[in-house]
Amino acid sequence: MKKDKIRIEIETILRKKIYDALQGETVSFIMEKAGINNTPDYLRNLLEGQSFKVDQKLMKRYYDIFYGVKAELGFEEDIDFYITSDTTVNAWTVKRHKEGNANVININSGLLQLMSDDELKFVIGHEIGHLINQDTDLKNLVSFVYPEDDIMPVALKYKVQLWSQLAELEADRYGYIACKNLDQCVSAFFKLTTGLNIDQIDMDIKTLLSTNKERLEFFKSDDGYNSFEDHPVNPIRIEAICLFADQMAGKRVGKKMDELFDLLAKMPSTPIDYYLARFVATAGLLMTNVDDVITEEEYNVIVDRLSTFQLFPREYLQEIIDSEMDLVEVFEDATNHILELDAGFRLSLLDYVISLSIVDRRIKKAEVDIVFNIGMNYLRFSEIEIAQAFAQKVQAEFSPRPGDIV
C-alpha cells in the first residue's frame, strides 16, 4: 500500500514545521558527526545479555509472526526482535543509527502472555510503522535540542505533542494493515491499556466499540483535552482505527476524520483563553497598523503571545487579518470579557501593548498614544500608572537600533 494512503496530512505538516524550526538538516549532521545516536549499540549489548533474540529454529511461531508482518509491510531493513522478561504490557522500537546495522524491536513477556497472534501482528505492525515513518529521527532531534522538556517553548511543545500523537495514529494504521482484523486491533488496545485478558473478564468487543463514542463525548466537552502525552487517549485511538478501517473499505470518512484530528489538537484552555487570544491579535494589529506596516519584530511578539492559546498562531492571526471583522469592536468585546472574568490580567495586557511599542527598537509617538488610550480607557489604569510601567519597560528592554545612533 502506498504511504500517502496511510499518512495523515497534518502529521506531515507538523513534522516539517518542527524539523525546520529546529534546523533539522544541520543539527542532524552535527549529531551524526558527534556520534550522538549510538543508543542501538548499547541496547543491543544489553538485550543480547539479558533478553532472548527471536530465532527461527528456537521460536518458529513468533519468528513467523514477526517477520511475516515485516514482509507484509514491505519493510526491507533488518530488524532484530527481542523478548524481555518484563510484566509490563509493552513493546518498543529503536532505529539503527547507521546502515548495515539492524533495527531493534523489543517485546515484553507481559505483552506476549496476553496477546493473540492477530493482536501481536497489530502491535508489531505498529512498531514497524514507526520505523517506516522514521519517527525516531525527529524524536531524537527534539530530545537533543531540548534535553530538558521544561525548557521547550510552549508553542513548540504543543506541536511536538500533537505530532507525536498523530504519529501514533499512523503507526496504528500499519498495525491494522498487518492484522486486518478490526476487533483484534481494538482488543489489543484494551489489553495494552488495562493489562487484562478479555477472555477472563468476558469482555464483548462489539459492546466496547458501540460505547466508545459515548466515552469520546467527554473529550469533546470542555472537561476533556489532551495532556502532554506521547499517545492519544484510548477513545480517540479506537475511533481513529475504526475510521481507517472504514476508509480501507471504501467508505467516506473525511469529515469524521478531520473532526477527530481537531479534537486531538484541542489545547488545554479556560473560558478566558478565547478572549485573551482575540485581545492579543486585535490589540497587536491596532498597535501595528498605526503606520500600516507590521515589522518582523512586532509580528513575532504577537505570534509568540498567541502561541499560548493557539496551536497554529500564525494561521489564527492571518484569519483575523483576512476577515472583515471590525478590529476595534472585537478588541473592545475581548477586553470587557477578560476584565469581567479576571481583572488580574490587566497588568499583563498593558505589558503586552507596551512591548509591542518598543520591540522594533523605535518608540513612535502614535504608538505611545495608543498604549495610553488602551491603558486608560479599556484597562482602567491611571495615566501615571501607565507612564511608570512604560518607563520601567524602556529602562529594562529598550535599546536603539545601531543605524539610528551613527
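Applying a threshold of 9 Å to beta carbon distances and a minimum spacing of six or more residues, or different chains, the list of pairs starting in region 330-356 at a residue that is assigned to a helix (DSSP H, G or I) and ending at one that is of a type in the set (Phe, Trp, Tyr) and surrounded by fewer than 18 Cβ atoms within 10 Å (Cβ to Cβ) reads ALA334/TYR274; HIS337/TYR274. Condition first: farther than 29 Å from LYS17 by Cβ, of a type in the set (Asp, Glu) and open to solvent by 60 Å² or more (accessible area, probe 1.4 Å). Can you find one or more residues in region 312-324 that meet it? For region 312-324, residues farther than 29 Å from LYS17 by Cβ, of a type in the set (Asp, Glu) and open to solvent by 60 Å² or more (accessible area, probe 1.4 Å): absent.
Could you check, for region 115-126, whether at least one of its residues is part of a loop (DSSP other than H, G, I, E, B), at negative phi and of a type in the set (S, T, N, Q)? Yes: one or more hits. Of the residues contained in region 49-59, one or more are found to be open to solvent by 40 Å² or more (accessible area, probe 1.4 Å), more than 18 Å from ASP137 (Cβ to Cβ) and in a strand (DSSP E or B).
Only a single item in (1) assigned to a helix (DSSP H, G or I); (2) surrounded by fewer than 21 Cβ atoms within 10 Å (Cβ to Cβ); (3) touching a residue at least 24 places away in the same chain (Cβ under 8 Å) is not met by GLU217, and it is number (3). Going through (1) open to solvent by 50 Å² or more (accessible area, probe 1.4 Å); (2) modelled with pLDDT under 85; (3) not in a helix (DSSP H, G or I) one by one, ASN226 falls short only on (1). Go through (1) more than 22 Å from VAL160 (Cα to Cα); (2) crowded, with 20+ Cβ neighbours inside 10 Å; (3) out of contact with any Gly (no Cβ under 9 Å at 6 or more places or on another chain); (4) not small (Gly, Ala, Ser) and name the single condition GLU298 misses. Unmet for GLU298, out of (1) more than 22 Å from VAL160 (Cα to Cα); (2) crowded, with 20+ Cβ neighbours inside 10 Å; (3) out of contact with any Gly (no Cβ under 9 Å at 6 or more places or on another chain); (4) not small (Gly, Ala, Ser): (3). Are any residues in region 360-385 more than 11 Å from THR288 (Cα to Cα), open to solvent by less than 80 Å² (accessible area, probe 1.4 Å), touching a residue at least 12 places away in the same chain (Cβ under 8 Å) and not in a helix (DSSP H, G or I), and if so, which ones? Passing the criteria: ILE363, TYR378, LEU379, PHE381.
Across region 393-406, the number of residues qualifying as in a helix (DSSP H, G or I) and surrounded by 12 or more Cβ atoms within 10 Å (Cβ to Cβ) comes to 3. Scanning region 88-110 for residues that are surrounded by fewer than 20 Cβ atoms within 10 Å (Cβ to Cβ) and either farther than 30 Å from THR194 by Cα or aromatic (Phe, Trp, Tyr) (or both) returns TRP92, HIS97, LYS98, GLU99, GLY100, ASN101, ALA102.
Of the residues THR282, THR288, the single one that is surrounded by 15 or more Cβ atoms within 10 Å (Cβ to Cβ) and farther than 17 Å from TYR378 by Cβ is THR288. Taking (1) among the β-branched types (Val, Ile, Thr); (2) in contact with a Ser or Thr (Cβ under 7 Å, 6 or more places away or on another chain); (3) surrounded by fewer than 11 Cβ atoms within 10 Å (Cβ to Cβ) in turn, THR26 satisfies each apart from (2).
The values are calculated or read from the model by the stated rules, or taken from the named source; none is laboratory data. Because the structure is a prediction, the values reported are computed rather than measured. Note that each Cβ is placed from the backbone with ideal geometry, even for glycine, and that neighbours are counted across all protein chains shown. Areas reflect the complete protein model, heavy atoms only, side chains present, ligands, DNA and RNA absent. Shrake-Rupley method; radii C 1.70, N 1.55, O 1.52, S 1.80 Å.
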